[in-house]
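So the structure is just underneath, and the comments pick up after that.
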Amino acid sequence: MNNFKKGMIYTSIGVYSNFLLQLVVSMVLSRLLTPKDYGVVAIMQIFITFFALVIEAGMGPAIIQNNKLTKQDTRVLFNYSALFAIVMAALFGGLGLLLSSIYGNPIYKTLTWVQSISVLMNGLNIVPTAILNKGKQFKLVNFSAVFGNIIAAMVGITMAFLGAGVYSLIASTIVSSTINFILNKFFANLKFISTWSLGPLKVIWNFSKNQFGANFVNYLSRNTDNILIGKFMGASQLANYNKAYNLVLLPNQLFQGVISPVLQPVLANYQDDEPYIRKNYLRIIHILALLGIPISVFFCMSAKQIIFFMYGSQWESAIAPFSILSSSIWLQMLLSSSGAIFQARNKSKLFFTVATGSAIIIVASIILGVILGGIVNVSISLAIGIGVNFLWSTSQLIKKCLDGSYFEYGRELISPLILGLIIFTALELIKYVKISNNFFDLVINIGVFVIIYVGYIFLSNEKSIIVSIYKR
């Protein structure tokens, strides 16, 4: 597992560096820009994600999984990915007319053409990134991401101070995606060629189509709330909901961003060794639960202090959705690694089936919340939907992909649940100590959380478990 350890180390450096960078940028821009500015970009981000999904079409994971592709094949695939990227970037530019009509804001007519540059760059970056990940070049992949984000942050903040408004957010994404592509293409030593054979596409087609289908339905389930809130509740409400939801996703992104990019490239070599993958998956589940459950409790009970500290008092309407959605953090973290396991086991068809069921559950819960009205009701309904989806997806993964038992999975959650209960009790008792300053209140909550968490790790059996997992 040396490749896994190295991958985790380099990916951790990349993910956490980018996290700290984006955190600082978000805190600065949230005080310079209005909720309406963020709402406009949030609506565009929905469609940027969709176009990126269509361009990739499952090609990246398919390249990683397939061991028969030659260097010539990957260059042909690079040709096709570039062609798709150019077409989709042009379509995205023209999308501004439709968005302006749907959301009643003419600014989209210009913004989509500007943002189409990042759509193009993200599409071009698919094959280079897949090649580097397949070659276990995690160090280079994360260097590109960190360097690109540093330059992008400088550009975005500078433009915001100069009064560029919403364009400062867009410029930041363009700079980041452009630098990331240029560096990854250089590291992968990838060039366009004159050959346009369909052979390489046929080789990856079966895996790619199921991967694309799974990604597509996941996209629908993750963006239906933004689409409907933006349409029926307005840009400001969407911005508050989006701020809350993005903050809830942070823990998941931090740990999923470290684990998932490494899991498939490493475990793909053991795709037929079911017991080996199951054993390592359960270890990961234990660690994710040990992190996710306490964080869920902390976020739920410190929602006001976190929102005000991160974004300022103008985002007060994001507090309630943030607190409610925080209850689902641990469930989302446990689910975060499942996609990589389906891929590593070469179960792309099952992955698509599970993703379809998940999308139906999540979309239905969002529609119910929108019908009830208000972002608080959407948050409640979505949190319940995530819980139902967790039961569905986990049952399919355990039984049909890993041939495991619910008992061995549930056993990994017992200790983390006990830790979560202890932290909940302590933070509930602290509420009786009246502190008028939100910052000091947050500092005290963090202090209590850290003391209990670290104390539990060292006083329980968790320390030896963690050391054992690391050594293996």
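The values are calculated or read from the model by the stated rules, or taken from the named source; none is laboratory data. All values derive from a computational prediction rather than experimental measurement. Counting neighbours? That spans all protein chains shown, and the Cβs are built from the backbone with ideal geometry, glycine included. Side chains included, ligands, DNA and RNA excluded: accessible areas come from the protein's heavy atoms. Shrake-Rupley method; radii C 1.70, N 1.55, O 1.52, S 1.80 Å.
What the table shows:
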read-out	value
28 Å Cα-Cα threshold exceeded, pairs from Lys231/Lys431; Lys134/Lys279; Lys139/Lys202	Lys231/Lys431; Lys139/Lys202
Listed residues Ile384, Ile295 arranged by accessible area, highest first, probe 1.4 Å	Ile384, Ile295
Percent carbon-and-sulfur accessible area, region 284-379, ignoring ligands, DNA and RNA, probe 1.4 Å	68
Solvent exposure ordering (accessible area, 1.4 Å, most first) of Thr178, Thr195	Thr195, Thr178
Inter-site label distance for Thr195 and Asn461 at 7 Å from Cα along Cβ, in nm	5.6
The chain: calculated mean residue ellipticity at 222 nm from DSSP helix runs of at least 4, using -39500 (n - 2.57)	-28500 deg cm²/dmol
Convex hull volume of region 220-366 per residue (C-alpha atoms, cubic angstrom)	106
Separation between Cα centres of region 320-399 and region 72-112, rounded to whole Å	28
Cβ-defined net charge surrounding Val217, 14 Å radius [Lys, Arg +1; Asp, Glu -1]	+3
Value of relative contact order over the chain, rounded to a whole percent, pairs C-alpha under 8 Å and six or more apart	19
Sequence-distant residues sharing a close amide H with Ser328 (under 5 Å, placed H)	none
Binned Cα-Cα distance frequencies in the chain - 20 Å width, integer %	22, 60, 18, 0
Loop sites in region 56-129: trypsin sites (Lys or Arg not before Pro), DSSP, at most 15 other Cβ within 10 Å	Lys68
Listed residue (Tyr103, Ile117, Pro275) projecting farthest to the positive dipole end of the chain, Cβ model	Pro275
Most positive-pole-ward Cα, Leu132, Phe161, Phe308, against dipole of the chain from beta carbon charges	Leu132
Test item: Cα-centred dipole of region 324-472, Lys/Arg +1 and Asp/Glu -1 on Cβ, debye	420
Proximal charge balance of Gly339 [Cβ under 13 Å; K/R count +1, D/E count -1]	+3
Asp403, Asp272, Asp73, ranked by accessible area, largest first (probe 1.4 Å)	Asp272, Asp403, Asp73
Region 83-128, accessible surface, carbon-and-sulfur percent (1.4 angstrom probe)	76
Positive-end residue, the chain charge dipole about Cα centroid, Cβ charges, pick of Ser144, Phe352, Ala90	Ser144
Cα-centred dipole magnitude for the chain, charges only on beta-carbon of K, R (+1) and D, E (-1), debye, nearest 20	980
Relative packing of peptides 146-159, 315-328 - highest average C-beta neighbours within 10 Å first	315-328, 146-159
For region 328-472, alpha-carbon Rg over 2.2 N^0.38 Å	1.32
Heavy-atom surface of the chain, accessible at 1.4 Å and reported per residue (Å²)	43
